[in-house]
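To start, the structure itself, in structure tokens.
Taken together, the values in this text are just the output of simple stated rules run on the coordinates, not laboratory data. Quick caveat, the model's predicted, so the values are computed rather than measured. Counting neighbours? That spans all protein chains shown, and the Cβs are built from the backbone with ideal geometry, glycine included.
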Amino acid sequence: MQKKLVVLFFMVLLAFAYLIIRRAGINRDNGEAYKKQVLAQQSYDSTTLPFKRGSIEDRNGTVLAYSEKVYNLIVDAKLLSVDKGVHIEPTLDILKKSFAELDIDEIRSYVEKNPGASYKKYLKRIESSRVENYNKFMEETIAANNERRDSLRKDGKTEEADAVYDPAKNGIWFEEEYKRKYPYNTLACDVIGFVQTGNEGQYGLEEYYNSILNGTNGRSYGYLNADGTLTRSVKEAEDGYTLITSLDTNIQSIAEKHINEFAEQNRNAYRTGPAADNVGVIIMNPNNGEIYAMAGYPVYNLNEPQNMEGVDLTQYAGLLSKEDLAEAVGVSANSISENEIDLMELVTNESLSDNAVIKNAVWKNYCIADTYEPGSTMKPFTVAAALDAASITGNEVYTCNGALDVGGHTIHCHNRFGDGPLSVKEGVAKSCNVVLMDIAFALGKQEWLRYNRNFGFGEYTGIDLAGETSGASNVFTEKMGQTDLAVASFGQGFNVSMIQMAAGYGALVNGGKYYEPHLVTRILNSEGAIVKEYEPRRIKQVISEGVSAEIREDCKAVVMSEPEECTGWTARPAGYSMGGKTGTAEKLPRSAKNYLISFMGFVPADQPEVICYVVIDHPNHPDQSNSTRLATLLCKSIMTEVLPYLNIFPTEPITEKEREELTDAEASFFIGSNAVSDNSVSENSAEEEGGEASGQTGEEGEAAGEDNAMVPVDEMYTPNVIQYDPGTGFPLDPNTGEVLDPDTLQPIDENVKSDLEY
Amino acid sequence: MDTAREVRTARRAGGLKKLKKKTKIKGQVDRSLIFIVLFLIVFGLIMIYSASAYSAVRSGKESNYYLMSQLRATLLGLVAMAWLSTWDYHKFRVIAWPAYVVSLVLIALVLTPLGMTINGARRWLNLGLSLQPAEVAKVGMIIFFSAYVYGNLKNIQHLKGIIKTMALVALPSLMVYGITDNLSSAIIIFSIVYIMLFIASPKSAPYIVIAGVLFLMAAFVVYVIAHNIIPAELSYRLGRIKAWLDPEAYASDRGFQTLQALYSIGSGGVLGKGLGQSTQKLGFVPEAQNDMIFSIICEELGMFGALAVILLFIMLIYHLLMIATNAQDLFGSLLVTGVMTHFALQVILNIAVVTNTLPNTGITLPFISYGGSSSVFLLTEIGIALSVSRSIRMT
């Protein structure tokens, strides 16, 4: 028996030994984790103080994006249930009065069921004014109840006094949060990007500068000190930095307004569907790389990026496979092939609005994220390279017979009959492919490639926006052949992005200095002090000053020559000298005869202060190869409004006809108002144009059918010389002789005029 | 009580140890045992105060509410202990049957309006003081079965006798389980008697085999639950097994207490955060002064404090073992064996639960956990052991 007892004792000892090992094991394996867990649990009384994300402003201080403090209504059922729940009903009454949308019965049943729970969010993101109203109401209630309690105490009715409702203990509190707001809704949506949740920027500036815009959360800790009393320690939040951008809200609005007009006017113009697959406009300063505006079509509301209601999505239908599209419009895939239903006819905005591919296409910035074959807008680059490399003198005369045989292929000019003998300048003005091919051959492959790279094609421009593409896989390399060089001379066979083109053009016309395109000019901290200032970044000298001047002359000839002598005269804003270049690029597959038309213009022609690049992809036009006028007119309408705003003075005579047009146009000018269009265009669409660099061209050789707008005779330009006031240089009204304001072309009051004289 | 009658009784019972000569009980009580017990009690009171002050204040009581309540029970228990230690332990044979009957009656009384519900469990009797009949039953069964086995030594060597004994212990066990829904106490009562039988019986093999079978059955139940063959939703006990296997998965409900206890143990480290410095007692470990007090000891005093407590209990059990092996007769041995088994089981099971070695079940840590009934009757058992120790002849 004693033996058994001893055995029993040893078994007990063994059990203890095992438990000690278990206990030590907990320390060894989980000690650190559990220590942290315990500390983490202690934070039950610590609250996060959210930082305020910095705002985004345009060059004039107009706020484009900001964060506003909002509140979440929290119910602390544990606190509410104290004193046997006497606070519940009065509190619910007050809540009902202040926040009518609350389901009071639901809160009541929640509190009854979970008397131990201390955190339940009931209302999200309430405006601060409503919270203030509630607090005011509460203060009044508290004051009144305190008075009553005190008077009851005085009368010795202690029990009754205790029963008086104390709303300070009601377990309702408000959690702070910030909500991102975009006061202009759709304005510059592709540039700004958006924040949906968690201060995580998506697209554009919001994504690119995410970490700079974000600050650091603060925290308020509550802890029990040695005496067991609750002590608080607060670490304030650090707010994020504010971005000052080079964007100009007015210019952006103007661009978006005209894009929208274009989209509306040309919808269903020839085929059922949108005006174009993509429309993009970049307006920038060639002398420092600052972007004034960058717009696409369609626009979406940054405040509700997921809500595609009212956004024109049909242009993106081509992004979906046939099956997906059939599903989206609610047709079975079989019935399409059987009945040959044209899906495009069935596509509606509603049917596409939930598709993730479509949404991403809307959010994407066409101006930086898509590449395409530029077409003839590339020609000045070729000429500039040849001049700068001294491969040509600029005095050559070439003969255009309407086509050129290159490596067994016949490559046509848009004018198949040929223009005869052409100087370099005339070749550019008439956008003659043959002249350009001859120039490219004189330049040679190596040099062409060198200049092409120097102008930044196939490389990131470094613009401070998320989602830029370099297009590096779609540019020519040393492997390019003679045919490739021939078509490359007029911008076919390789891809560029809009921002690459715009930045390159800046260098082309500003004296050869390549500036990095940029949006943010300054970064401010939350107190408004400058944290960082971005100087214009001049990256390189691509061509010489002299060559640049020659190119300006050539480009001026494109716009300012007699209409029958040039391709771009329709882009000319009344009263201004403009240089520019049209482009009509044939898209892949060539057999589809689809075109991407574009126009690059700069004003003034001799000393450019602003450039405007317009791209219209696959215009809805019966004769796309001759639709370049759509791009030039879009550029004209934008520039007509932008130039006076930028205080660029008109230097050219204005015809009677232009006068009338101008007066009509002025009626819808934005200038002077803060009105902001809520429509514009956005980004890309079908990548039907993959852009295999080399090898195409071939016999269908009309690779770059060129512009030459067909304008009815009565719309033709009729010269009408305008007189200028010798004192101010302001134009005079040809009928009345009054001095006109160059910005508005309205008669200037004599008093004002005297102020202006110098 | 006269010696002659004792001798007769012993003979009638076929006792192996015969009282050779007239005994005069004049031995000393085991003072070391008293010292260990007092040490544990004082330590327990300190820990109860530390663990309960916060939650007492939070629930609107005085910070020393639990301390004072425990102190009163402890003083009552100490009086009972002192009084019982002066008894000649043979008197317990006389009250064996009454102890058995009273235990059963008290358990049954829980069903009457005298029954009291605390924390959602109907386990108490309201007799002016609150009383947990299961605690009474533990003492009662130790006394009754010591006497019963002592009186039926021959019978318990046969299967029939064993079955009869088992039936006698099964009744109170099932009542504790059935009426007060207290599985852990039922298991403890059954185990105490089972081990007493094992000690008294000359055979070992059958007991070990049965224990092995029971263990395998338990393992089978765990296996079945772990592999979801039987849905754990059938009963909350099965759910506790689930929570035991993976406390993290049930962190917000069934596994909460266990997990929070583990957090306290783990966060205590080797030397602990210092007496009174536990943060887990601030509303995280539920009922920190009760079943889970060992976790607070671990957090405040670390591995070191936990080892010290375990060593004290080992010393306590060792002293009880010494008394049991040296007792004057088998009856005394059995009494102390029962007491020793009771202590060993409670300590082992409590620490096993706190360290999540076993599924969560309400077992208190003797002398340290808060609980009046438990304290009083544990001290009563010490009193019985002391009275046995007093009869040991010094050589």
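Take peptide B:347-355, look around each residue's Cβ out to 10 angstrom, count Cβ atoms belonging to other protein chains, and average those counts.
Per residue, the number of nearby Cβ atoms from other chains is 4 on average.
Step by step: find N for segment A:410-555, compute 2.2 N^0.38 Å, then divide the Cα radius of gyration by it. What's the final number?
In units of the 2.2 N^0.38 Å rule of thumb, it is 1.26.
What are the extents of the Cα atoms of the protein assembly as shown along their three principal axes, in Å, largest first?
For the protein assembly as shown, the Cα extents along the three principal axes come out at 150, 82, 57 Å.
With +1 on each Lys and Arg Cβ and -1 on each Asp and Glu Cβ, how big is the dipole of the protein assembly as shown about its Cα centre, in debye rounded to the nearest 20?
15840
What FRET efficiency comes out for A:Lys179 versus A:Asp150 if R0 is 45 angstrom and r is the Cβ-Cβ distance? Round to the nearest 0.05.
Step by step, r from the Cβ atoms, then E = 0.65.
Report, in listed order, any pair from A:Lys52/A:Lys121; A:Lys179/A:Lys235; B:Lys91/B:Lys160; A:Lys120/B:Lys61; A:Lys430/A:Lys581; A:Lys430/A:Lys556 with a Cα-Cα distance greater than 19 Å.
A:Lys52/A:Lys121; A:Lys179/A:Lys235; B:Lys91/B:Lys160; A:Lys120/B:Lys61
Hey, can you grab everything whose amide H is under 5 Å from the amide H of A:Arg537? Only 5+ residues off in sequence or another chain; H modelled, so Pro and N-termini drop out.
A:Glu516
Rule-of-thumb check for chain B: C-alpha Rg over 2.2 N^0.38 Å?
Expressed relative to 2.2 N^0.38 Å, the Cα Rg reads 1.01.
Which distance in nm do the two modelled labels at B:Val222 and A:Ala472 give, with both placed 7 Å along the Cα-to-Cβ direction?
6.0
Write out the GluC sites (Glu not before Pro) in segment A:431-474 meeting two conditions: DSSP loop, and at most 15 other Cβ atoms within 10 Å of their Cβ.
A:Glu459
Using only Cα atoms, what is the ratio of the radius of gyration of segment B:42-100 to 2.2 N^0.38 Å?
1.65
Assign unit charges at the C-beta atoms only (+1 for Lys and Arg, -1 for Asp and Glu), then state the dipole size of segment A:77-170 relative to its Cα centre in Debye, rounded to the nearest 20.
The dipole of segment A:77-170 has a size of about 360 debye.
Can you tell me the FRET efficiency between A:Ala549 and A:Gln196 if r is taken as the Cβ-Cβ distance and R0 is 51 Å, rounded to the nearest 0.05?
0.55
List the residues of segment B:244-272 whose backbone N lies under 11 Å from a point placed 7 Å from the Cα of A:Arg219 along the Cα-to-Cβ direction.
none
Among the chymotrypsin sites (Phe, Trp or Tyr not before Pro) in segment A:344-404, which ones are in a DSSP loop with at most 15 other Cβ atoms within 10 Å of the Cβ? Mind listing them?
When the chymotrypsin sites (Phe, Trp or Tyr not before Pro) of segment A:344-404 are filtered for loop state and at most 15 Cβ neighbours within 10 Å, nothing remains.
Give me B:Ser185, A:Ser625, A:Ser544 sorted ascending by neighbouring Cβ count inside 10 Å, so fewest comes first.
In order of increasing Cβ crowding within 10 Å: A:Ser544, A:Ser625, B:Ser185.
Just counting partner chain Cβ atoms within 10 Å, what average do the residues of peptide A:26-33 show around their Cβ?
6
Sort A:Asp58, A:Asp464, A:Asp354 so the one with the fewest other Cβ atoms within 10 Å of its own Cβ comes first.
A:Asp354, A:Asp464, A:Asp58
Please arrange A:Glu533, A:Glu478, A:Glu516, A:Glu396 by counting, for each residue, the other beta carbons lying within 10 Å of its beta carbon, fewest first.
Going from least to most buried by this count: A:Glu478, A:Glu533, A:Glu396, A:Glu516.
Give me the Kirkwood hydrodynamic radius of segment A:496-537, using the inverse of the mean 1/r over all pairs of distinct Cα atoms, in Å to one decimal.
The Cα-based Kirkwood calculation yields 12.0 Å.
Among DSSP beta bridges whose residues both lie in the protein assembly as shown, state the antiparallel percentage, nearest 5.
Looking only at bridges with both residues in the protein assembly as shown, the antiparallel portion is about 95 percent.
Each label point is 7 Å from the Cα along the Cα-to-Cβ direction; what then is the distance between the points at A:Arg271 and B:Asn155, in nm?
Label at A:Arg271, label at B:Asn155, 10.5 nm between them.
Using alpha-carbon positions, what is the distance between the centroids of segment A:101-120 and segment B:237-307, in Å?
Result: 30 Å between the Cα centres.
Would you pull out the residues with amide H under 5 Å of A:Gly218's amide H, same chain only if 5 or more places away, H placed 1.01 Å from N?
Excluding prolines and chain starts, which carry no amide H, the hits are A:Leu49, A:Phe51, A:Ala237, A:Glu238.
Project the alpha carbons of segment A:77-170 onto their principal axes and report the range along each, largest first, in whole Å.
Computed over segment A:77-170, the largest-to-smallest principal extents equal 44, 31, 18 Å.
Starting from the coordinates of the alpha-carbon atoms of segment B:87-203, obtain the Kirkwood hydrodynamic radius over all distinct pairs and give the value in Å to one decimal.
14.7
Pop the C-beta distance of A:Ala100 and A:Glu350 into the FRET formula with R0 = 25 Å and round what comes out to the nearest 0.05.
Calculated value: 0.20.
May I ask which residue of B:Ile265, A:Thr410, B:Ile199 lies farthest towards the positive end of the charge dipole of the protein assembly as shown, with charges of +1 (Lys, Arg) and -1 (Asp, Glu) on Cβ and the Cα centre as origin?
Ranked along the dipole, the leading option is B:Ile199.
Projecting each Cα onto the charge dipole of the protein assembly as shown (Lys/Arg +1, Asp/Glu -1 at the beta carbon, about the Cα centre), which of A:Gln2, B:Ile208, A:Ser98 comes out farthest on the positive side?
Result: A:Gln2.
At 7 Å along the Cα-to-beta-carbon direction for both B:Ala211 and B:Ala308, put a label point, then send me their distance in nm to one decimal.
So the label points at B:Ala211 and B:Ala308 sit 3.2 nm apart.
Using alpha carbon coordinates only, what is the Rg to Rh ratio of segment A:541-672, with Rh defined as the Kirkwood radius?
1.00
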